[in-house]
Amino acid sequence: MGRFDGRVAVITGAARGIGFGTAQRFAAEGASVAIIDLDEAAAAEAAGRLETVGQAKAVGIGADVSDAASVEVAVERVVSELGGIHILVNNAGITRDNLLFKMTEQDWDLVMGVHLKGAFLMTKAAQKHFVDQKYGKIVNLSSVSALGNRGQANYSAAKMGVQGLTRTLGIELSPFGINTNAVAPGFIATEMTDATAARLGLGVEEFRELNAKNNPVRRVGFPEDIAAAVTFLASDEASYITGQTLYVDGGAKLVS
């Protein structure tokens, strides 16, 4: 018996990186999984890989989480194809880093649209089902950058906004059997951080080693580390936890 047998988990931005690692963990523990990604082909390919992980179903759905109509269609497809929705992980994200005087209005709007508006729209679409069934788990992905990070005014603001959204949803939705929490990752080894290394003119391993030195655990994080935290908060074991943000950063913010 898996922790999520009979549950349907939706993870946005899950064709790769933290999202896909989280999808793998849910599938391994018995959930049927819907991977929602802007790239529908990548979502479908990732869902196909999940079928070798668990016994439950997996589907890949293309959607723009910053567009209300696209979100509504995606959530209704999940319910139709997988038979319901019980867990929502708002993971979709992009970066458009720059110092404030170089940051464009489009850079700001794109990041806010995917991270913050996307979480709002996906949650609004899912909560209708959650309220009707008096059960739901929402886990939002924030970041240690919510506490401030040079060159990320848009990303930091969006990720702190996610924490405010999480707290408010904890107040509003908990009476209906819905728990809402957030996970704030530190440095996680993914394609996105590897691309950052290339942009800085550093090798991947060199970049990871530099970041490992910045936390007491003395290693970088991996998608599996975030997946472990997300699945705990989405489980019935965490039913007395709501409105919280869990930092998963190897203790980096303890010493910064």
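Any residue in the stretch 23-38 that is basic (Lys, Arg) and in a helix (DSSP H, G or I)?
Yes: the stretch 23-38 contains one or more residues that are basic (Lys, Arg) and in a helix (DSSP H, G or I).
Go through the stretch 199-230 residue by residue and tally those that are more than 17 Å from residue 90 (Cα to Cα), among the small types (Gly, Ala, Ser) and in contact with a helix residue (DSSP H, G or I) (Cβ under 8 Å, 6 or more places away or on another chain). Steps first, please.
Residues of the stretch 199-230 that are more than 17 Å from residue 90 (Cα to Cα), as a first pass: 199-222.
Pick out the ones that are also among the small types (Gly, Ala, Ser) and you get 201, 203, 212, 221.
Filter again for in contact with a helix residue (DSSP H, G or I) (Cβ under 8 Å, 6 or more places away or on another chain), leaving 203.
Residues that pass the stated criteria total 1.
Among (1) open to solvent by less than 20 Å² (accessible area, probe 1.4 Å); (2) at pLDDT 95 or above, there is one condition residue 172 misses while meeting the rest; what is its number?
Residue 172 satisfies all of (1) open to solvent by less than 20 Å² (accessible area, probe 1.4 Å); (2) at pLDDT 95 or above except (1).
Every residue, every condition in (1) under 16 Å from residue 144 (Cα atoms); (2) part of a loop (DSSP other than H, G, I, E, B); (3) in contact (Cβ under 8 Å) with a residue 60 or more places away in the chain, yes or no:
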{"site": "163", "(1), (2), (3)": "yes, no, yes"}
{"site": "180", "(1), (2), (3)": "no, no, yes"}
{"site": "211", "(1), (2), (3)": "yes, no, no"}
{"site": "226", "(1), (2), (3)": "yes, no, yes"}
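Criterion first (open to solvent by 40 Å² or more (accessible area, probe 1.4 Å), in contact with a Gly (Cβ under 6 Å, 6 or more places away or on another chain) and modelled with pLDDT of 95 or more) does residue 167 satisfy it?
Details: open to solvent by 40 Å² or more (accessible area, probe 1.4 Å): yes; in contact with a Gly (Cβ under 6 Å, 6 or more places away or on another chain): yes; modelled with pLDDT of 95 or more: yes.
So residue 167 passes the test.
Here are the criteria: (1) open to solvent by 50 Å² or more (accessible area, probe 1.4 Å); (2) part of a helix (DSSP H, G or I); (3) modelled with pLDDT under 95. Tell me which single one residue 201 does not satisfy.
The number of the failed condition is (2).
Which residues, counting only those in the stretch 49-73, are without any contact (Cβ under 8 Å) to a residue 40 or more places away in the chain, farther than 22 Å from residue 5 by Cβ and assigned to a helix (DSSP H, G or I)?
Scanning the stretch 49-73 gives 69, 70, 73.
Any idea how many residues of the stretch 1-60 are in contact with a helix residue (DSSP H, G or I) (Cβ under 6 Å, 6 or more places away or on another chain), farther than 21 Å from residue 76 by Cα, surrounded by fewer than 24 Cβ atoms within 10 Å (Cβ to Cβ) and of a type in the set (A, V, I, L, M)?
1
The values are calculated or read from the model by the stated rules, or taken from the named source; none is laboratory data. Everything quoted here is computed from the prediction, not taken from an experiment. Here Cβ is always computed from backbone atoms with ideal geometry, including for glycine, and neighbour counts include all displayed protein chains. Only protein heavy atoms, including side chains, enter the accessible area calculation; ligands, DNA and RNA are left aside. Shrake-Rupley method; radii C 1.70, N 1.55, O 1.52, S 1.80 Å.
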